[in-house]
Each structure stands twice: as C-alpha cells, then as structure tokens.
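**Student:** The following block contains the structure, expressed as structure tokens.
The values are calculated or read from the model by the stated rules, or taken from the named source; none is laboratory data. These numbers come from a predicted model, not from an experiment. In this analysis, Cβ positions are derived from the backbone assuming ideal geometry, glycine residues included, and neighbour counts consider all displayed protein chains.
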Amino acid sequence: MGAWGVGPLTSGMADNTAKTRNMTVVVTGASGRTGSRVAQAARAAGLTVRAASRARGFDWENAATWARTLRGADAAYLVHPSDVGAPAATEAVGALAREAVGLGVRRLVLLSARGEEQARPTEEALRASGADWTIVRSAWFAQNFSEGPLPAELRRGGLVFPAGEVREPFVDVRDIADVVVTALTSGDRFARRAVELTGPRLLSFREAVAEISRATGTELTYTPVPARAYGEALTGFGVPPEEAEFLVEVFEGLLDGRNARLTDGVRQVLGRAPRDFTDFVREAAAAGTWKA
C-alpha cells in the first residue's frame, strides 16, 4: 500500500465489479421511456437485466405475475405505468415492494416526480415495505418533447400546453438511467435516500420550443392554456374524465413554479454535470424526430 491507499481502493473496485457482473436486476417498464434506458445502462454496467413487461408475463395489475419475475433477482427498478401519484400506483408499488422483500429482493429504486405532492403516498408505501429503497425524484423529461404525445403536436407546427411561462430544469432521461444504475450497484451508499434530479439550467416551455425550432429550421409556436382547458381537450380526445381530472390536478401543482430551481443531484450521484437540453435537441433533430 502506498500513501494514497491505492491497494485497498483497487481491491474494492475489483470486488464491486465482480458483484455487479453477478447482479440480476428487474427493470419494470423496460420498453418505456425510462425503463429502456435503465436496461441499456444496466447491461453496459455488466448487470443481467430481467425485463418486466406484459410481453414477458409481468403485469402491474396482476399480482400473481410478480413472483416469477422477482424470484432470484438482486434488485429492481420500479416505474408504474400510471402516474406515480395515482392511487393505483401507491397500492401496486407498496404491494410489489413487500413481495420483493419477502423474496429476498431488498434493493429497490423507484422513479418518482419532483414536486408532485400526490406522489408522496407511493413513496411512503415503498419506505414502509422494509426494502433498502432509493427514491429518484425527476424533473420533467427532456425526452417528453421527442417521445409520447408531444412530438406529434410539434410536427404539426407547435405546442399547446398548460405550462404558462414557468421555467423548468428539463432533465435528460439518460442521466436518470445512469443515476438509477449507480444507486442499484453502490451498496448502501444511496440506500434510504431520496435524490432530486434536474438538468443544468432553467428553460420555459416557450424557450424549449424555440430551441427545437432553431435546431429543425422550422417555425414552431408555443401556446399556453389553462390546465382546466387542457383537461377538457384531453377528455375530447378520449381520455377518461377521472384521468383527465387527475392530470389537471397534477399540472396545476407541478407547473406553478415550485420546480423552477436547480439541484446538484446528478453530480452528487455521478460526479459529473447533467446533460444539457441543447445537446438533446441537437441529437433528436439530427435523428429526424420532428420532421413533418
């Protein structure tokens, strides 16, 4: 051993690498926006990924399908298909976490929403399960502009959304994935902790759309509308009234300015700055995401 402690540090790194290579992690939502990136990052880190999806026999709405997916795994990433603040998410996350712990899968990482008060019961259900939990509270995804319902609007020339001129620290989903995998593989370092993730700067939705407009060379507009009007539009497009009402409540809370501040969560976990929104836009535009 030298004065810098190289001997034990190298030994510890080798031990951690070996443990990681032997880890099996269940990834719920493995074909979704965050789950697919978590699965990719986990495989890159040497983990064995067990994708949990309906196509593979896992169903959040059918508890009888859970044990087969969880048994023999070392850890799991939990993302519920409905909003994390929905009552269905609270019930399912709590029940699955308890079953996981009973099967010996104690290391659980939950994706939650930064600033969403409705998500607190789901977070508490995870805490009460007896798991070695980590809660990742994420800001609005940068990839919401490139995946899901919003890019179709942008391809038609603009975005109508109930965000006013509120500024948001958009976070790249790839950073979320890297944080999740680090939390899963770092032993107790992030156990029983909640981490808030944001991007490196604040942007309004108008400014975000303007960046996409410049990158694509097309004229895009942003039209803010009240949350209630947006909920009525969702109902008109076929969203069930109770779901639309819940989303209105979430938007009225999340988009009131409470999240217009930065955190250093990404740097705390990864030791580097978060990816910038401009880099995301440049890559997505080059891939033709917003071409009409």
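**Student:** Could you list, in sequence order, all residues of segment 136-185 that are of a type in the set (Phe, Trp, Tyr) and part of a loop (DSSP other than H, G, I, E, B)?
**Tutor:** 140, 170
**Student:** Could you pull out every one of the helices (runs of 4 or more DSSP H) wholly within segment 226-292 that has 1 or more residues that are modelled with pLDDT under 95?
**Tutor:** Filter on segment 226-292 gives 227-236, 241-254.
**Student:** So which of 265, 253 is touching a Gly at 6+ places or on another chain (Cβ under 8 Å) and among the small types (Gly, Ala, Ser)?
**Tutor:** 253
**Student:** When segment 168-188 is examined, which residues are found to be at pLDDT 95 or above and surrounded by fewer than 19 Cβ atoms within 10 Å (Cβ to Cβ)?
**Tutor:** The one that is at pLDDT 95 or above and surrounded by fewer than 19 Cβ atoms within 10 Å (Cβ to Cβ): 174.
**Student:** Suppose we filter segment 260-277 for residues that are among the small types (Gly, Ala, Ser) and more than 19 Å from residue 141 (Cβ to Cβ); how many remain? Spell out the reasoning first.
**Tutor:** First, pick out the residues of segment 260-277 that are among the small types (Gly, Ala, Ser): 260, 265, 271, 273.
Remaining after also requiring more than 19 Å from residue 141 (Cβ to Cβ): 271.
Qualifying residue count for the region: 1.
**Student:** Moving on. Taking the criterion of being outside any helix (DSSP H, G or I), at pLDDT below 95 and either aliphatic (A, V, I, L, M) or closer than 22 Å to residue 258 by Cβ (or both), would at least one residue in segment 117-134 satisfy it?
**Tutor:** Kept after step one, since they are outside any helix (DSSP H, G or I), are these residues of segment 117-134: 128-134.
Now restrict to residues that are at pLDDT below 95: none.
Within segment 117-134, none of the residues are outside any helix (DSSP H, G or I), at pLDDT below 95 and either aliphatic (A, V, I, L, M) or closer than 22 Å to residue 258 by Cβ (or both).
**Student:** Need pairs with beta-carbon distance below 6 Å; first residue buried (at least 20 other Cβ atoms within 10 Å of the Cβ) and within segment 269-280, second in a loop (DSSP other than H, G, I, E, B); sequence gap 6+ or separate chains.
**Tutor:** Close Cβ pairs satisfying both conditions: 274/199; 274/200; 275/172; 277/170; 277/199; 280/172.
**Student:** Let me spell it out: the conditions are (1) touching a helix residue (DSSP H, G or I) at 6+ places or on another chain (Cβ under 7 Å); (2) within 23 Å of residue 148 (Cβ to Cβ); (3) surrounded by 19 or more Cβ atoms within 10 Å (Cβ to Cβ), and residue 254 meets all of them except one. Which number is the exception?
**Tutor:** The failed condition is (1).
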